[in-house]
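The values are calculated or read from the model by the stated rules, or taken from the named source; none is laboratory data. Computed from a predicted model, the values in this text were never measured in an experiment. Note: ideal-geometry Cβ built from the backbone for every residue, glycine included; neighbour counts use all protein chains shown.
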């Protein structure tokens, strides 16, 4: 049984929490089941329990959607990428930040190579590699993300219509 899409993202500011919740709501409205750690961990303050709740969500995930914004990707999200990669859970990376911050397409090469598909906001739209979709600055990325998910067979396991255990 899977919990659907595990949403890996920073969740420490009001803006981050609001962004995560808004995108999770849009994914759910499009028919996907989303495991959002900020919801699953709400009210929990014990570090070990927080860790275990997140690992449980990752272990049940069909795929991981990771937000790669900021001057460097969130350290917790990076751990979740590495964990998912090691467990052969497909990863879709989303970067809405147009500033380049790494050595490979604007992000750390270990992260970019861990992702099955990347959606990257950039000011320079050249011809991207096959697993990369470039987004224009200010573009609504949700339709493109939904299109990418619809083309990933594993994402269909995250559809709400499926029988899932949460």
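Among the conditions (1) closer than 22 Å to residue 150 by Cα; (2) modelled with pLDDT of 95 or more; (3) outside any loop (DSSP other than H, G, I, E, B), residue 51 misses just one, which is (1). Scanning the stretch 39-66 for residues that are closer than 13 Å to residue 115 by Cα, touching a helix residue (DSSP H, G or I) at 6+ places or on another chain (Cβ under 7 Å) and touching a residue at least 60 places away in the same chain (Cβ under 8 Å) returns a single hit, 63. Which of the residues spanning the stretch 26-40 are in a loop (DSSP other than H, G, I, E, B), touching a strand residue (DSSP E or B) at 6+ places or on another chain (Cβ under 8 Å) and at negative phi? Of everything in the stretch 26-40, those that are in a loop (DSSP other than H, G, I, E, B), touching a strand residue (DSSP E or B) at 6+ places or on another chain (Cβ under 8 Å) and at negative phi turn out to be 33, 36. When the criteria are applied in full, residue 16 meets the requirement of being without any contact (Cβ under 8 Å) to a residue 12 or more places away in the chain and either in contact with a strand residue (DSSP E or B) (Cβ under 9 Å, 6 or more places away or on another chain) or in a helix (DSSP H, G or I) (or both). For residue 126, the conditions (1) modelled with pLDDT under 95; (2) in contact with a helix residue (DSSP H, G or I) (Cβ under 6 Å, 6 or more places away or on another chain) are fulfilled apart from (2).
Per-residue answers, yes or no, for (1) under 19 Å from residue 20 (Cα atoms); (2) assigned to a helix (DSSP H, G or I); (3) in contact with a strand residue (DSSP E or B) (Cβ under 9 Å, 6 or more places away or on another chain):
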| position | (1), (2), (3) |
| --- | --- |
| 42 | yes, no, no |
| 45 | no, no, no |
| 65 | yes, no, yes |
| 81 | yes, yes, yes |
| 85 | no, yes, yes |
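One residue stands out among those in the stretch 67-79 that are part of a loop (DSSP other than H, G, I, E, B) and surrounded by 14 or more Cβ atoms within 10 Å (Cβ to Cβ): the one that is modelled with the highest pLDDT, which is 68.
Taking the criterion of being over 20 Å from residue 73 (Cα atoms) and either touching a helix residue (DSSP H, G or I) at 6+ places or on another chain (Cβ under 7 Å) or at pLDDT 85 or above (or both), the only residue of the stretch 129-141 that qualifies is 140. Give the residue that is modelled with the highest pLDDT, with candidates limited to residues of the stretch 80-111 that are over 23 Å from residue 156 (Cα atoms) and surrounded by 21 or more Cβ atoms within 10 Å (Cβ to Cβ). Within the stretch 80-111, the match that is modelled with the highest pLDDT is 111.
Scanning the stretch 1-21 for residues that are loosely packed, with under 15 Cβ neighbours inside 10 Å and under 17 Å from residue 64 (Cα atoms) gives a single hit, 1.
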